[in-house]
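Read the structure below first, then the notes.
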């Protein structure tokens, strides 16, 4: 699962694309310990309930579950769902915090990937969808799929 930019996807938050309209997306580094980065490379990551918040001028990732690395022993074992610091430029963090507060938006992680030798998280500034909006999106996607099938069968 290597993308054209040389990054290797580790985890994708599919619920984020279904539950939110993504307005902007940013790339952020993530501060991990040795055992955590090994678990990330082994794809033991879940972004299902994760979200990010700006606290004291820093961006923190909450509820991202990175399983404990089994070979690390009991000294390297940390809480799998502990808050983790996301690394971005100060101006980007200020912009995210300002937009999230002003427009009542959420900062959600969209995917985690390895770029070079570094773990990265793609975070998005997102607006929540209502249930009827989700149904409309599904209905539109199905209609587009049907049109594509009809056009393909017509040839």
Specify the residue with the greatest mean-square fluctuation among 142, 49, 133, computed from a Gaussian network of the chain linking alpha-carbon atoms under 10 Å apart.
142
Quick one: helix 131-154 against the long Cα principal axis of the chain, what's the angle to the nearest 10°, folded into 0 to 90?
60 degrees
Have a look at 107, 138, 66 and tell me which one the Gaussian network model of the chain (Cα, springs below 10 Å) gives the largest fluctuation.
138
With the contact rule set at Cα under 8 Å and sequence spacing of 6 or more, what percent relative contact order holds for region 82-155?
20 percent
Helix 90-102 versus the longest principal axis of the chain: what angle, 0 to 90°, nearest 10, using Cα atoms?
50 degrees
When only Cα pairs under 8 Å and 6 or more residues apart are kept, what is the percent relative contact order across the chain?
31 percent
Given the options 19, 42, 144, which has the most mean-square fluctuation in a GNM of the chain, springs set between C-alpha atoms less than 10 angstrom apart?
144
(1) 196; (2) 147; (3) 117: which one is volume of the Cα convex hull per residue in Å³ as calculated from this entry?
(2)
Quick one: order 151, 112, 88 by neighbouring beta-carbon count within 10 Å, fewest to most.
151, 88, 112
How far, in nm, would the chain grow between residue 53 and residue 25 when pulled straight, counting 0.36 nm per residue and subtracting the alpha carbon separation?
8.6 nm
Between residue 46 and residue 78, what is the spin-label point distance in nm, taking each point 7 Å from the Cα along the Cα→C-beta axis?
1.9 nm
Estimated [θ] at 222 nm from DSSP helical runs (n ≥ 4, -39500 (n - 2.57)) normalised by residues in the chain, nearest 500:
-10500 deg cm²/dmol
Least to most buried among 89, 74, 95 (fewest other Cβ within 10 Å first)
74, 89, 95
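Every read-out reported here was derived from the displayed coordinates using simple, explicitly stated rules and does not represent laboratory data. Keep in mind it's a predicted model, so treat the numbers as computed, not measured. Don't worry about glycine lacking a Cβ; one is built from the backbone with ideal geometry, like all the others, and counts go over all protein chains shown.
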